[in-house]
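In what follows, a single structure is set out as structure tokens and then discussed.
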Amino acid sequence: MDILIRSALEEDLGPAGEVTVEAFVGDGHTRPGADYVTLLRDARRRAAEAELLVAVDPADLSQGPSGRVLGCVTFAVGGTEWADIATSQEGEIRMLAAAADARGRGVGDALVRACVTRSRELGLTGMAFSTRPAMTAAHRIYERVGFRRTPERDWRPRPEIELWVYSITF
């Protein structure tokens with residue numbers, strides 16, 4: 001399967017939001033009624049305030065002229081509104097998601113690698129981002145790309161939510 005990674009287009013925003021909710025809620029990482037679901041679904045805001053990258057299948061035009069959205073990720077530079085843990089010299093991944101029927105096809109890997117490329121294009125010295133301990137499939141992707149656990153940077157946005165940090169230095 002060919003996968004094209006690019007900045008989200010207007011017609012990608014609705015599907016990207018739904019893929020993100022499907023991944024986080026469907027996999028049990030976020031409760032369906034949680035406030036966070038609104039943020040997950042709001043791909044328009046993410047595209048306006050950070051960078052929203054999508055993975056599309058250019059051969060499948062059934063969802064529009066740009067191809068079906070297979071996955072997406074929000075990319076932010078440290079120190080900006082969408083960066084939770086990255087320093088000003090690091091890029092950060094937020095809300096990495098792949099559609100359930102696109103998993104195992106390299107979508108997540110391609111999106112993570114695109115964020116690494118973007119960080120390097122911007123002259124950043126590395127990347128750091130948070131993940132939940134139960135997101136083991138994502139951890140495998142991160143480690144395959146070269147990220148390592150950075151437990152000294154782990155944190156809790158709320159007492160009941162533990163977040164692990166993965167980082168890489170270029």
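The values are calculated or read from the model by the stated rules, or taken from the named source; none is laboratory data. As the structure is a prediction and not an experimental result, all values here were calculated from the model. Glycine gets a Cβ as well: all are built from the backbone with ideal geometry, and neighbour counts include every protein chain shown. Ligands, DNA and RNA are excluded from the accessible area calculation, which covers all protein heavy atoms including side chains. Shrake-Rupley method; radii C 1.70, N 1.55, O 1.52, S 1.80 Å.
Restriction of the GluC sites (Glu not before Pro) in the stretch 124-170 to DSSP coil positions whose beta-carbon has at most 14 other beta-carbons within 10 angstrom yields E160. Taking amide H as placed 1.01 Å from N in the peptide plane, A99 has its amide H under 5 Å from the amide H of G71, each at least 5 places away in sequence or on another chain. The ellipsoid that matches the Cα gyration tensor of the stretch 45-163 has semi-axes, each √(5λ) in whole angstrom, of 25, 17, 14, with the longest given first. Heavy atoms of the protein chains alone define the surface here; on that basis the stretch 100-153 has 50 Å² accessible area per residue at 1.4 Å probe size. Note: the stretch 1-58, Cα convex hull, 81 Å³ per residue.
Report, in debye and to the nearest 20, how large the dipole of the stretch 122-163 comes out about its Cα centre when Lys and Arg carry +1 and Asp and Glu carry -1 on their Cβ.
Working: 8 positive and 5 negative charges, 21 e Å.
Charge dipole, the stretch 122-163, about its Cα centre: 100 debye, nearest 20.
For the chain, what is the calculated [θ] at 222 nm in deg cm²/dmol (nearest 500), taking -39500 (n - 2.57) for each run of four or more DSSP H residues and dividing by its residue count? Intermediate results must be reported in sequence, preceding the final value.
Working: 5 runs with 52 residues, N = 170.
The per-residue figure over the chain is -9000 deg cm²/dmol.
Are there DSSP H segments in the chain that both extend 27 Å or more along their axis (alpha-carbon positions) and score a mean Kyte-Doolittle hydropathy of at least 0.5? List them, or say none. Write down the numbers at each step before the final one.
Details: long enough: none.
Correct list, ordered by number: empty.
For A76, what charge total do you get from the other residues with a beta carbon under 12 Å from its beta carbon, if Lys and Arg give +1 and Asp and Glu give -1?
Numbers: positive: R46, R94, R118; negative: E49, E51, E81, D84, E90, E92.
Here the charged neighbours net out to -3.
Under a Cβ-only charge scheme (Lys and Arg +1, Asp and Glu -1), can you give me the dipole magnitude of the stretch 59-118 about the Cα centre, in debye to the nearest 20? Display every interim value, and only then the final one.
On the way: 6 positive and 7 negative charges, 46 e Å.
With Lys and Arg at +1 and Asp and Glu at -1, about 220 debye.
Nonpolar atom fraction for the stretch 60-170, defined as the carbon and sulfur part of the 1.4 Å probe accessible area, stands at 50 percent. Looking at the stretch 1-107, the pairs of alpha carbons with a distance over 25 Å make up 18% of the total. Think of each Lys and Arg Cβ as +1 and each Asp and Glu Cβ as -1; about the Cα centre, that makes the dipole of the stretch 29-152 roughly 320 debye. The distance linking the stretch 24-84 with the stretch 113-170 is 17 Å (Cα centroid to Cα centroid, whole angstrom).
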